[in-house]
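The structure appears below as C-alpha cells.
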Amino acid sequence: MRRAWIFDLDDTLHDAGRRILPHINRAMTDYVIRHLDVDEQRANELRVQYWRRYGATLLGLMRNHGIDPHHFLWHTHQFDDLPGMVLAHPALGRALRRLPGRKFVFTNAPRHYAGAVLRALGLERHFEAVFSIEHTGFRPKPQAAGFRRLLHRHGLHARSCVMVEDNLPNLVTARRLGMRTVLVGPGAARSAVVDVAVRSVTELPRWLDVL
C-alpha cells in the first residue's frame, strides 16, 4: 500500500495563531452576538465552551441553536488580505516534495478558506485533495466519523496513513484507527500516541525511516 500523508492545515502547514485565528475567533464571537442576541462576554463563553465540548464551535451552535453551518462558515472566514496574513516556512514546499506517497489536507475549517490558504502558500499542487468540515458531514476532528469518511472517500487504509497535526486529541483518534502520528509544534514531544514530534513540517523528510 502506498503511504498517504494527511495534514492538518492551521498551525500545522502554516502559523495561524499569530494573525488568522485571532481574526476568526473575533468573527465567530461577532456572529454569536448577532445571531443569538447575547452580549460579548456570553458570546465568547459559548464560542470556547462549544469548541472544547464538540471540537468545533460550529457543532455546538448547530446542536443547541439550529445555526445553518454554511452561513456560519462563510461569514466567519472572510479576510480583507488573507495572503498577507499567512505565515509559513519558506522550505515547506521542498519538504513536501521529498515525502513519497499521496498527500491530503484534513481540516475542521471550511472548504473555501482551506483552498484560499493553500493558494496563498503556493502549495495546492502538492495535495491530491482537501477534506474539509463540510466533507465530514460537520463531524469535526477529533470525532472518528470524519476520519472514516476521509479513508472511505479516497480508498485509504489507516495503517498506510501518517497523520500530521498540532492537536494531540486529533492524533489520539488517528492512532486508534491505526495511523502513524506526527505532532507538530514548538513544544511537541513523543508519547504513547505520538510516533514522531517535530517543530515544523519541514523536518519530516529526515524521519522517513521511522514513518
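The values are calculated or read from the model by the stated rules, or taken from the named source; none is laboratory data. Quantities reported herein were computed from a predicted structural model and do not represent experimental measurements. With ideal geometry, Cβ positions are generated from the backbone for all residues, glycine too; neighbour counts draw on all protein chains shown. Ligands, DNA and RNA are stripped out before the accessible areas are found, and what is left, the full protein with its side chains, is counted by its heavy atoms. Shrake-Rupley method; radii C 1.70, N 1.55, O 1.52, S 1.80 Å.
Surface composition of the chain: carbon plus sulfur atoms contribute 47% of the solvent-accessible area (1.4 Å probe, protein chains only, all chains present).
Is there a quick way to get the dipole size of segment 1-96? I mean about its Cα centre, with the Cβ of Lys and Arg at +1 and of Asp and Glu at -1; what is the value in debye to the nearest 20?
Values: 12 positive and 12 negative charges, 100 e Å.
Roughly 480 debye, rounded to the nearest 20.
Counting only DSSP beta bridges with both residues in segment 85-211, the antiparallel share comes to about 10 percent. Entry comment: accessible area of segment 83-211 is 45 Å² per residue, from protein heavy atoms only and a probe of 1.4 Å. The alpha carbon convex hull volume per residue for segment 82-150 rounds to 96 Å³. Look at the dipole of the chain built from charges on Cβ: of 207, 164, 112, the Cα furthest out on the positive end belongs to 207. For segment 38-117, the pair-distance distribution built from all alpha carbon pairs, in bins 10 Å wide starting at 0, is 14, 36, 30, 16, 4, 0 percent. Computed 3J(HN,Hα) for segment 164-180, one whole-Hz value per residue from the Karplus formula 6.51 cos²θ - 1.76 cosθ + 1.60 where θ = phi - 60°, is 10, 8, 9, 10, 4, x, 5, 6, 4, 5, 4, 5, 4, 7, x, 7, 6, glycine and proline marked x.
Of the residues 23, 191, 140, the one whose Cα sits farthest towards the positive end of the charge dipole of the chain is 191 (charges of +1 on Lys and Arg Cβ, -1 on Asp and Glu Cβ, taken about the Cα centre).
Under 5 Å between amide H atoms, partner at least 5 residues away or on a different chain: which partners does residue 156 have, H built in plane at 1.01 Å? Hits under the 5 Å cutoff: none.
Between the amide H of residue 129 and those of 105, distances stay under 5 Å, these residues lying 5 or more places away or on another chain, with hydrogens modeled in the peptide plane.
Each peptide among 138-146, 153-161 gets the average number of other Cβ atoms lying within 10 Å of its residues, and from highest to lowest they stand as 138-146, 153-161. Computed log10 I(q)/I(0) for segment 1-45 at 0.13, 0.16, 0.21, 0.28 Å⁻¹: -0.46, -0.57, -0.73, -0.90, from the Debye equation with unit scatterers placed on every C-alpha and solvent omitted.
Among the trypsin sites (Lys or Arg not before Pro) within segment 162-207, those in coil by DSSP and having at most 16 neighbouring Cβ atoms inside 10 Å are 190, 199.
The tail of the calculated P(r) for segment 30-174, taken as Cα-Cα distances beyond 19 Å, holds 59 percent of the pairs. Which of rounded, prolate, oblate describes segment 112-211, given a ≥ b ≥ c as roots of the alpha-carbon gyration tensor eigenvalues and a/c under 1.5 marking rounded, otherwise prolate only if a/b is larger than b/c? Taking the square roots of the gyration eigenvalues as a ≥ b ≥ c, segment 112-211 is oblate.
When the chain is treated as a Gaussian network with alpha carbon springs shorter than 10 Å, the biggest mean-square fluctuation among 30, 80, 68 belongs to 80.
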